[in-house]
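The values are calculated or read from the model by the stated rules, or taken from the named source; none is laboratory data. The structure displayed is predicted, hence computed values, not measured ones. Here the Cβ is made from the backbone with ideal geometry for all residues, glycine too, and neighbour counts use every protein chain on show.
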Amino acid sequence: MSKIISKELKSVSVPLIKEKKAQKDKIVMVTAYDYPSAKLCDDAGVDIVLVGDSLGMVVQGNEDTLSVTLSEILHHTKMVSKGVKRALVVSDMPFLSYHTGIKDAITNCGRCIKEAKAQAVKIEGGKKRSELVKRLVENEIPVMGHIGLTPQSIHKFGGFKVQGKDKASIDKLVEDAISLEEADVFSIVLECIPSEVAQIITNSVKVPTIGIGSGPHCDGQVLVFHDLLGLSDLPLPRFVKKYKNLREEILNGISSFASEVRKGVFPTEEHAYHLEQAKKKENIK
């Protein structure tokens, strides 16, 4: 039985997300890329809807996120923001949209807020992004940080690999998180970090951490819409839990439609308009 619970919850704001850590209230974030998926997430009661650059992989069929453009993020954020009435909408800033200077970054991030109606942006990188984060926040643009496996750095990492496996890299991740907190991010995504390390980072900062592949000790969790609903036939990462197998259900539905059309079973007169009805009604409903 479906359950729409968004009306039972109050609207989510950046300050509310920051408060959740002190209240020990876990944060729920899901990616969405269009109006219907965003509305489903909002109606289900998630706290944050992320317009992820993961759209490059799960929507566009690319091998990584690097080819996603600012125009595409703006386009998808506009659709998502129309479907969300309660959750916080965050635009994931794509590769090269914030790398070419603070002025460019402020302009590009600002467009996501002004034109696409996002309420915040997400920026990959730790200490090296702290000055940029400060400047964005000074210009009224809330920022979510992202450390660990940062997909826009896969060539530097040599692929999609777990981060924080030795003392030096663990210390660097903690330093990155503290630096982002000091720069005034309102939350930090921890991606593909060992659970023990994610716990250290979470305990080291006062802002919420949101994990993906980083264990149960984070202040919240995020998954990709298509992954958690089982819409893909590709192998999923270890950290994904498939809550539904919608791919099979969709395949069965489309196959049934195709079969009935070919057999002449659908449509019947019940699904057709008739002359007398057409004369009486102007609108198709």
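List of remarks:
- Of the candidates I102, I106, I73, I113, the single residue that is under 14 Å from L55 (Cβ atoms) and at pLDDT 95 or above is I73.
- Residue list for the stretch 150-184, filter: in contact with a strand residue (DSSP E or B) (Cβ under 7 Å, 6 or more places away or on another chain), assigned to a loop (DSSP other than H, G, I, E, B) and within 23 Å of E131 (Cβ to Cβ): T150, Q163
- Cβ-Cβ under 8 Å pairs, at least 6 apart or on other chains, the stretch 112-128 side among the polar types (S, T, N, Q), far side in a loop (DSSP other than H, G, I, E, B): Q119/S13; Q119/P142
- Within this structure, V89 fails the test of being of a type outside the set (S, T, Y), under 21 Å from Y35 (Cβ atoms), assigned by TED's automatic domain parsing to the domain that holds M57 and in contact with a Cys (Cβ under 6 Å, 6 or more places away or on another chain).
- Residues located in the stretch 226-285, provided they are of a type in the set (G, A, S) and either more than 30 Å from S54 (Cα to Cα) or outside the structural domain of V58 (by TED's automatic domain parsing) (or both): G253, S255, S256, A258, S259, G264, A272, A278
- Taken over the stretch 158-191, the criterion of being under 21 Å from V68 (Cα atoms) and more than 22 Å from the chain's Cα centre (by Cα) is satisfied by G158 alone.
- Candidates in the stretch 124-140 are the residues that are over 17 Å from the mean Cα position of the chain (by Cα) and crowded, with 21+ Cβ neighbours inside 10 Å; of these, the one that is nearest to I113 (Cα to Cα) is L136.
- Residues (more than 26 Å from Y243 (Cα to Cα) and touching a Gly at 6+ places or on another chain (Cβ under 7 Å)) located in the stretch 178-227: S179, L180, V185, V197
- Top-ranked residue in the stretch 242-280 [being assigned to a helix (DSSP H, G or I) and among the small types (G, A, S); ranked as nearest to V222 (Cα to Cα)]: G253
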